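The values are calculated or read from the model by the stated rules, or taken from the named source; none is laboratory data. Keep in mind that what you see is a predicted model, and the values were worked out from it rather than measured. Every residue, glycine as well, gets a Cβ built from its backbone with ideal geometry; the counts of neighbours run over all protein chains shown.
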Ligand SMILES: [Zn+2]
């Protein structure tokens with residue numbers, strides 16, 4: 001299927017937003033590595049027990065059938081006292097479960113301790129979140145919904161460039177997406193959902209009355 005100008009524009013916008021997200025994630029990841037190492041070093045300096053990694057007990061028997069059968073025994077390190085027990089931020093709980101997560105993975109925000117670290121963490125996590133939201137917003141902007149102003153971009157039965165307003169979205173008996181739209185000429189058209197795309201001011205402006213109709217349809221659908 002040939003890509004339309006609108007589809008190309010969406011792909012480019014999403015690609016740019018994804019690059020941004022990756023960049024922010026990489027910086028956040030570096031900060032997390034740094035913070036986790038600092039917390040691990042502090043834990044180690046405070047006498048953290050390397051035998052049990054701070055859990056006070058180790059796994060003594062397990063089966064692949066699940067962690068419910070795990071048996072644990074108290075830590076054998078005589079220096080392992082209540083004072084040294086405290087989770088190593090990089091260690092997972094002694095368990096046969098392979099997907100156990102460490103404190104650093106489970107609660108990354110807890111790796112930031114000083115006010116400066118907390119500020120940096122919050123700023124970077126916020127940037128990652130914003131970049132993610134931006135990608136969602138781009139997708140939503142190009143998504144055909146009831147009330148969307150659309151333009152016919154492929155197919156044979158309706159003239160390419162026909163503009164209209166979507167009043168129904170569903171699927172045919174084979175499960176393929178279909179839409180019903182009221183054309184700018186007032187006619188009702190039914191076509192494959194893949195034959196239309198969201199109309200933008202600069203690519204295919206609607207007439208004013210058509211635009212009002214779309215807004216009304218959109219409101220009644222909400
Ligand atoms: Zn121990």
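Answer yes if at least one residue in the range 91-109 is exposed (fewer than 14 other Cβ atoms within 10 Å of the Cβ), in contact with a helix residue (DSSP H, G or I) (Cβ under 8 Å, 6 or more places away or on another chain) and under 19 Å from residue 34 (Cα atoms), and no otherwise.
yes
Taking only the range 104-145 into account, find how many residues are touching a strand residue (DSSP E or B) at 6+ places or on another chain (Cβ under 6 Å) and under 28 Å from residue 53 (Cβ atoms).
So the answer is 0.
So residue 153 ticks every box in (1) touching a residue at least 40 places away in the same chain (Cβ under 8 Å); (2) under 27 Å from the mean Cα position of the chain (by Cα); (3) away from the ligand (no atom under 16 Å from the Cβ) but one. Which box is left unticked?
Here residue 153 clears every test but (2).
Among the residues of the range 9-33, which ones are within 30 Å of residue 152 (Cα to Cα) and without any contact (Cβ under 8 Å) to a residue 12 or more places away in the chain? Working first, answer last.
Going through the range 9-33, the residues within 30 Å of residue 152 (Cα to Cα) turn out to be 9-18.
Of everything in the range 9-33, those that are within 30 Å of residue 152 (Cα to Cα) and without any contact (Cβ under 8 Å) to a residue 12 or more places away in the chain turn out to be 9, 11, 12, 15, 16.
Name, by its number, the condition in (1) more than 16 Å from the ligand (Cβ to nearest atom); (2) in contact (Cβ under 8 Å) with a residue 12 or more places away in the chain; (3) surrounded by fewer than 13 Cβ atoms within 10 Å (Cβ to Cβ); (4) in a loop (DSSP other than H, G, I, E, B) that does not hold for residue 113.
It fails just one condition, (3).
Return the only residue of 36, 63, 58, 6 being touching a residue at least 12 places away in the same chain (Cβ under 8 Å) and closer than 16 Å to residue 104 by Cα. Can you show your working first?
Details: 63 fails: closer than 16 Å to residue 104 by Cα; 58 fails: closer than 16 Å to residue 104 by Cα; 6 fails: closer than 16 Å to residue 104 by Cα.
Only one candidate passes the filter, namely 36.
Residue 7: under 30 Å from residue 143 (Cβ atoms) and surrounded by 12 or more Cβ atoms within 10 Å (Cβ to Cβ), yes or no?
When the stated conditions are applied, residue 7 passes them.
Just name the residue that is modelled with the highest pLDDT out of those in the range 142-166 that are in contact with a helix residue (DSSP H, G or I) (Cβ under 8 Å, 6 or more places away or on another chain) and surrounded by fewer than 16 Cβ atoms within 10 Å (Cβ to Cβ).
145
If I filter the range 76-103 down to residues being within 13 Å of the ligand (Cβ to nearest atom) and touching a strand residue (DSSP E or B) at 6+ places or on another chain (Cβ under 8 Å), which single residue comes out as farthest from residue 49 (Cα to Cα)?
Only one residue tops the list, namely 94.
Could you please tell me which pairs satisfy a Cβ distance under 7 Å, a separation of 6+ or placement on different chains, a first residue in the range 41-54 that is more than 12 Å from residue 80 (Cα to Cα) and in the same structural domain as residue 93 (by TED's automatic domain parsing), and a second residue that is in a loop (DSSP other than H, G, I, E, B) and near the ligand (Cβ under 8 Å from one of its atoms)?
Every condition considered, the pairs that remain are 43/54.
Condition check ((1) part of a helix (DSSP H, G or I); (2) closer than 15 Å to residue 102 by Cα) across all residues:
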position: 35; (1), (2): yes, yes
position: 39; (1), (2): yes, yes
position: 49; (1), (2): no, no
position: 54; (1), (2): no, yes
position: 60; (1), (2): no, no
position: 64; (1), (2): no, no
position: 68; (1), (2): yes, no
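I'd like the residue in the range 168-214 that is in a helix (DSSP H, G or I) and under 14 Å from residue 150 (Cβ atoms) and, out of all such residues, is modelled with the lowest pLDDT.
Out of the qualifying residues, it is 210.
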